[in-house]
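Have a look at the structure below before the remarks.
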Amino acid sequence: MADRLVGSSARQAWVDHARGISIILIVILHARFALANVPDAEAFDALIRVVQPFRLPALFLLSGLFLARIIDRAWLEFLDRRVVHYAYFYAIWATIEFAPGFASAVARDSSAAAPLAIDYLWLFLAPHGPLWFIYALPLFFVLAKLLRRVPAWIVLPVAAVISMADVQTGWVISDRLASRYVYFHAGYALAPAIFAAGAWVHGNARVVAAALILWLTAHLIATLAAAPDNPLLAFALGVAGCAAVLATGALLSRSTWMRWLAMFGRRSLVIFLAFPLLLVVMRKALELAGWPLDGDLKVLIVVAGSIFGALLIHRLVRGTPLRFLFERPAWAQRAVRSQAKTSAGSLPRVEPQARVIE
């Protein structure tokens with residue numbers, strides 16, 4: 001197979017914008033969960049319902065988009081870049097999230113230490129909360145490498161059927177693997193077409209904007225009026241929503257004032273790792289403040305505080321002993337790599353002049 005460049009880093013900036021959209025939608029969902037006792041957040045409740053069909057599918061598709069540039073490398077380097085990398089950050093941040101509750105419970109009752117220690121170990125078998133996504137990514141990467149010789153025209157239809165089958169094993173990772181792998185593999189297998197479409201959008205902004213308006217109208221009808229319980233309809237909404245996120249990212253990348261969104265995309269892994277802890281902090285801060293704010297405004301404050309708080313923490317720990325929170329130390333690296341950068345970036349990091357295997 002021959003390699004070819006899929007475009008310059010400037011032309012690929014739209015991927016960062018699309019990734020920024022996805023990470024914001026993820027934080028919004030979990031911020032609303034954190035404020036579940038706030039009844040008057042109608043705007044965010046409606047938004048969450050509207051984006052539900054494509055919120056996670058888009059994130060998985062984007063996570064597979066640059067996989068082709070590393071998938072044929074030796075297993076040792078591949079495992080280091082796409083398994084150990086995310087496993088390290090999961091272990092660190094799952095421990096950080098678990099530690100305060102553990103310390104508080106043990107301080108009240110020392111006999112709670114043993115059962116809580118077992119609960120901690122279960123985090124590495126049955127992850128919960130937002131970090132399940134970081135846990136699942138290495139499994140998606142390994143499966144894609146194992147299937148790399150199987151034609152996409154076989155993998156994608158089979159994965160689509162499995163996705164619509166609504167597999168329920170009781171283990172969140174296998175269930176999400178079954179329901180979301182089709183989008184991840186599509187990002188990997190269809191990357192050349194996706195990059196070509198992104199470039200086309202730049203030159204056809206008006207046509208794409210009109211198409212997005214038509215899509216949004218149909219999507220709103222389907223999600224707010226029709227309630228997409230049918231598996232085929234839900235899958236169709238997910239696919240169309242993924243395309244809409246990509247197209248919106250490409251459109252927004254044309255505007256210099258949207259560079260902040262691309263920055264979110266480039267730091268999506270940083271945000272994903274730190275925001276669950278910051279959700280708790282922001283929620284407690286609002287409770288202590290006791291401000292009589294509208295529910296939607298409370299959710300907005302928690303979302304903004306969690307995102308910018310994560311970025312602030314990342315900036316503050318640079319060059320300090322705490323940099324291990326977002327940067328793998330030497331002992332956690334196992335493969336010999338020529339241009340190794342092991343800091344947390346995006347999901348996964350977008351690198352300039354990415355190469356896609358045809």
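The values are calculated or read from the model by the stated rules, or taken from the named source; none is laboratory data. What you see is a predicted model; the values in this text were computed from it and never measured. Note that each Cβ is placed from the backbone with ideal geometry, even for glycine, and that neighbours are counted across all protein chains shown. Accessible surface areas use protein heavy atoms only, side chains included; no ligands, DNA or RNA. Shrake-Rupley method; radii C 1.70, N 1.55, O 1.52, S 1.80 Å.
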(message) So if I check each of ALA160, ALA209, ALA165, which one is touching a residue at least 12 places away in the same chain (Cβ under 8 Å) and buried (at least 16 other Cβ atoms within 10 Å of the Cβ)?
(response) ALA160
(request) Could you check how many residues of the range 126-157 are farther than 15 Å from LEU269 by Cα and either open to solvent by less than 20 Å² (accessible area, probe 1.4 Å) or of a type in the set (S, T, N, Q) (or both)? (result) 6
(message) Looking at the structure I just gave you, is VAL281 of a type outside the set (S, T, N, Q) and under 24 Å from ALA262 (Cα atoms)?
(response) no
(message) With the requirement that a residue be closer than 23 Å to ALA186 by Cα and open to solvent by less than 10 Å² (accessible area, probe 1.4 Å), what does the range 246-263 give you?
(response) GLY249, ALA250, ALA262
(request) Please tell me if PHE33 is open to solvent by 10 Å² or more (accessible area, probe 1.4 Å) and within 18 Å of the chain's Cα centre (by Cα). (result) yes
(message) For the range 129-196, give me every one of the helices (runs of 4 or more DSSP H) that falls completely inside it and has 2 or more residues that are among the charged types (D, E, K, R).
(response) 172-189
(message) Checking the conditions here, which among VAL270, VAL299 is in contact (Cβ under 8 Å) with a residue 40 or more places away in the chain, over 12 Å from ALA34 (Cα atoms), buried (at least 22 other Cβ atoms within 10 Å of the Cβ) and not charged (D, E, K, R)?
(response) VAL270
(request) Using the structure shown, decide if GLY20 is in contact with a His (Cβ under 8 Å, 6 or more places away or on another chain) and at negative phi. (result) no
(request) Restrict the check to the range 287-296 and report whether at least one residue is out of contact with any strand residue (DSSP E or B) (no Cβ under 7 Å at 6 or more places or on another chain), surrounded by 15 or more Cβ atoms within 10 Å (Cβ to Cβ), over 25 Å from GLY203 (Cβ atoms) and in contact (Cβ under 8 Å) with a residue 24 or more places away in the chain. (result) yes
(message) Checking TYR183 against (1) in contact with a Pro (Cβ under 7 Å, 6 or more places away or on another chain); (2) open to solvent by 60 Å² or more (accessible area, probe 1.4 Å); (3) modelled with pLDDT of 95 or more; (4) not polar (S, T, N, Q), only one condition comes out false. Which one?
(response) (2)
(request) Of the numbered conditions (1) in a helix (DSSP H, G or I); (2) open to solvent by 50 Å² or more (accessible area, probe 1.4 Å); (3) more than 20 Å from LEU325 (Cα to Cα), TYR120 fails exactly one; give the number of that condition. (result) (3)
(message) Here is a check on your reading of the model: is LEU47 surrounded by fewer than 15 Cβ atoms within 10 Å (Cβ to Cβ) and in a helix (DSSP H, G or I)?
(response) no
(request) Within the range 61-116, work out how many residues are crowded, with 21+ Cβ neighbours inside 10 Å and touching a Gly at 6+ places or on another chain (Cβ under 8 Å). (result) 6
(message) If I filter the range 230-244 down to residues being aliphatic (A, V, I, L, M) and open to solvent by 10 Å² or more (accessible area, probe 1.4 Å), which single residue comes out as nearest to VAL161 (Cα to Cα)?
(response) LEU232
(request) Could you tell me which residue of the range 78-118 is modelled with the lowest pLDDT, considering only residues that are among the acidic types (Asp, Glu) and over 15 Å from ALA332 (Cβ atoms)? (result) ASP109
(request) Read through the list (1) closer than 17 Å to TYR188 by Cα; (2) within 25 Å of the chain's Cα centre (by Cα), then give the number of the only condition that TYR86 fails. (result) (1)
(request) Within the range 228-251, identify whether any single residue is outside any helix (DSSP H, G or I), at pLDDT below 95 and either under 25 Å from ALA136 (Cα atoms) or of a type in the set (Gly, Ala, Ser) (or both), and answer yes or no. (result) no
